[in-house]
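In what follows, a single structure is set out as C-alpha cells and then discussed.
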Amino acid sequence: MASLDFFMVLGFVGQCLFSIRFILQWIASEKAGKSIIPFSFWIFSLGGSSLLLVYAIYRKDPVFILGQAPNVLIYSRNIYLLKKEKVNLEGETIE
C-alpha cells in the first residue's frame with residue numbers, strides 16, 4: 001500500500017464528503033417523509049467533488065478528471081440557483 005501523503009489524505013477527505021451527502025439526503029427525506037434534497041447535499045457535493053478533482057489532477061488521471069470536472073460546475077450552479085430562489089421567495093439571502 002502506498003504511504004499516506006497530503007494528496008492521498010485530500011482524496012480520502014473528498015470521498016468522505018462526497019459520501020456524507022447521501023447520508024444527509026437520507027436523513028432529510030426520513031424526517032420529511034418524502035424524498036427531498038437538502039441544501040447541505042449540494043454543499044457536500046461541491047466540496048467532495050472539488051477535492052476529488054484536485055486529487056485526480058495530482059494523480060494525472062484523465063478518466064477521473066473528466067468524471068469530476070463537470071460536477072464542480074453542476075453543483076455550483078445548483079447552489080447558485082437555490083440561493084437565487086431563496087432570495088426571490090423570501091426577499092433575503094440564505095445563510
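3J(HN,Hα) along the range 7-24: 6, 5, 4, 4, x, 5, 5, x, 5, 4, 4, 5, 6, 4, 4, 6, 5, 4 Hz, from the Karplus curve 6.51 cos²θ - 1.76 cosθ + 1.60 with θ = phi - 60°, whole Hz, x for Gly and Pro. For the chain, adding -39500 (n - 2.57) for each run of n ≥ 4 DSSP H residues and dividing by the number of residues yields -29000 deg cm²/dmol at 222 nm. When every Cα-Cα distance of the range 1-54 is counted in 10 angstrom steps from zero, the calculated P(r) takes the values 27, 39, 22, 10, 1 percent. Contact order, relative form, for the chain: 25 percent (alpha carbon pairs under 8 Å, 6 or more residues apart, mean separation divided by residue count). Applied to the range 67-75, the Karplus parametrisation 6.51 cos²θ - 1.76 cosθ + 1.60 on θ = phi - 60° returns per-residue 3J(HN,Hα) values of x, 9, 4, x, 4, 4, 5, 5, 5 Hz, with x for Gly and Pro. Rg of the Cα atoms in the chain, relative to 2.2 N^0.38 Å, amounts to 1.26.
Here, each number is a calculation from the coordinates, and none is a lab measurement. Please read all numbers here as calculations on a predicted model, not as lab measurements.
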